[in-house]
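Step one of this worksheet: look at the structure below.
The values are calculated or read from the model by the stated rules, or taken from the named source; none is laboratory data. Every value quoted in this text rests on a predicted model; they were computed, and no experiment measured them. When we count neighbours, we look across all protein chains shown, and the Cβ atoms used for this are built from the backbone with ideal geometry, even at glycine. The area values use the complete protein model at the heavy-atom level, side chains included, leaving out ligands, DNA and RNA. Shrake-Rupley method; radii C 1.70, N 1.55, O 1.52, S 1.80 Å.
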Amino acid sequence: LVDDIVYIKNASAGFAGGNVTAEGTFSIKDNSYSGHAVLKNIQCGQLQEYVGGLSGKLSGNIDFTGILGNNNSIKLYGSVSIDDAIYNEIAINKIDAAVSMQGKNVQVSALTISLADGGNIAAAGKITGSSLDLEFYGSNIDLSLLKNYTSILLSGTADFYGHLSGSINNPYLDLKLVAYDGQVMGQPYHDMRISAAGSMDGVKIEKMTMQ
């Protein structure tokens, strides 16, 4: 304790099958705090309450500041990665994310997902209170991976671009997709192009061509 400031150095604890180390300061005068935490090999499978359906090993670095008892004052900045993941039966080699948060506002500077079969997904955007503004891209995506999300039988390889905006509880989706050499409900195609838009109330296919 120096000048009413508590210094914490090299604190370490086991957590969810991995390890967390941290250091920081806490001011007795104004209840403010700041610190840095390192996460290593946290097992997502042990955190299903927060990341349901996801397994894998999470590691990362996080800087944080705030005032005790004031959730709106909390600021987080960090980068995390998850290796050897599975999400709802989809195998993922690696997930990388750079994220910052202040109160209820979240900024996703970069999110990249490398699927085990060679597909890639990237996203960036922000959540401001209850509003969402997120762009995402996909390349070389195996459409058969969607079997747990739709009753429509799909196959082929797709590239896509999407934009989610509006209320986080019912965002508006704008989607453009191009797929090659597959089938839709048993109907083969060489080139399929889809433009769709809508929300949880319903998505309308604005244009669709198959060759």
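For the chain, the calculated P(r) over all alpha carbon pairs, in 10 Å bins from 0 to the bin holding the longest distance, is 8, 24, 32, 20, 10, 5, 1, 0 percent.
Across the cross-link table entries K147/K176; K147/K204; K40/K75; K176/K204; K126/K204, which are compared at the Cα atoms, the separations over 23 Å belong to K126/K204.
Spin-label pair A98-Y180: with each label point 7 Å from Cα along the Cα-Cβ axis, the two points sit 3.0 nm from one another. A Cβ-based charge dipole, computed about the Cα centre of the chain with Lys and Arg at +1 and Asp and Glu at -1, lands at about 180 debye.
Excluding ligands, DNA and RNA, the accessible surface per residue across the chain is 60 Å² with a 1.4 Å probe. Computed on region 1-90, the Cα convex hull volume stands at 101 Å³ per residue. Considering only alpha-carbon pairs that sit under 8 angstrom and 6 or more positions apart, the relative contact order computed for the chain is 9 percent.
Of the solvent-accessible surface of the chain, computed with a 1.4 Å probe over protein heavy atoms with every protein chain present, carbon and sulfur atoms account for 56 percent. Only alpha carbons enter this Debye calculation for region 128-192, each as an equal point scatterer, and the log10 of I(q)/I(0) it gives at q = 0.27 Å⁻¹ is -1.09.
Past the 16 angstrom mark, what percentage of all C-alpha to C-alpha distances in region 102-158 do you count? That tail contains 57 percent of the Cα-Cα pairs.
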